[in-house]
Amino acid sequence: MKIHKGDQVLIIKGKDRGRKAKVLRGFPIKNQVLVEGVNIKKVHKRPKKEGEKGQVVEVPAPMHISKLKLICPKCGKPTRIEYKINGKNKSRICKKCGGEI
């Protein structure tokens with residue numbers, strides 16, 4: 001997966017289009033990531049104890065990586081990523097500025 005935890009991303013599709021946010025967690029098997037403050041869903045929680053009220057809680061839901069673009073930390077622009085292999089090291093390279101991410 002080309003987007004990792006801690007990366008700054010731009011949302012390019014969906015109701016949060018145009019927002020910039022930080023990746024909190026990745027789910028590589030599903031090609032999804034959890035993004036901070038984006039794609040918020042409402043979950044209805046049942047009361048646990050007698051006399052307690054049920055409530056509606058807002059929880060961030062994972063979104064597919066095809067809806068995101070990585071923001072290069074060097075040039076600050078949304079970009080695509082290429083990989084470069086140097087011996088045993090594999091690094092991500094920005095397609096716009098050529099800098100290592």
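The values are calculated or read from the model by the stated rules, or taken from the named source; none is laboratory data. Keep in mind that this is a model prediction, so the values were computed, not measured. For neighbour counting, all protein chains shown are included, and Cβ atoms are generated from backbone atoms with ideal geometry for every residue, glycine included.
Spot the failing condition for Val23; the list is (1) aliphatic (A, V, I, L, M); (2) in a strand (DSSP E or B); (3) over 15 Å from Ile101 (Cβ atoms), and only one is missed.
For Val23, the failing item is (3).
Give just the number: which of (1) under 16 Å from Lys20 (Cβ atoms); (2) of a type in the set (A, V, I, L, M, F, W, C); (3) surrounded by fewer than 10 Cβ atoms within 10 Å (Cβ to Cβ) does Val56 not satisfy?
Failed condition: (1).
Restrict the check to segment 37-55 and report whether at least one residue is within 26 Å of Gly98 (Cα to Cα) and either within 12 Å of the chain's Cα centre (by Cα) or at pLDDT below 95 (or both). Quick ask: steps written out before the conclusion?
Filtering segment 37-55 down to residues within 26 Å of Gly98 (Cα to Cα) leaves none.
No, there is no match, as no residue in segment 37-55 is within 26 Å of Gly98 (Cα to Cα) and either within 12 Å of the chain's Cα centre (by Cα) or at pLDDT below 95 (or both).
Got a sec? Which of Lys30, Lys69, Lys74, Lys49 is part of a loop (DSSP other than H, G, I, E, B) and either without any contact (Cβ under 8 Å) to a residue 24 or more places away in the chain or buried (at least 16 other Cβ atoms within 10 Å of the Cβ) (or both)?
Working: Lys30 fails: either without any contact (Cβ under 8 Å) to a residue 24 or more places away in the chain or buried (at least 16 other Cβ atoms within 10 Å of the Cβ) (or both); Lys69 fails: part of a loop (DSSP other than H, G, I, E, B); Lys74 fails: either without any contact (Cβ under 8 Å) to a residue 24 or more places away in the chain or buried (at least 16 other Cβ atoms within 10 Å of the Cβ) (or both).
One residue alone meets the criteria, Lys49.
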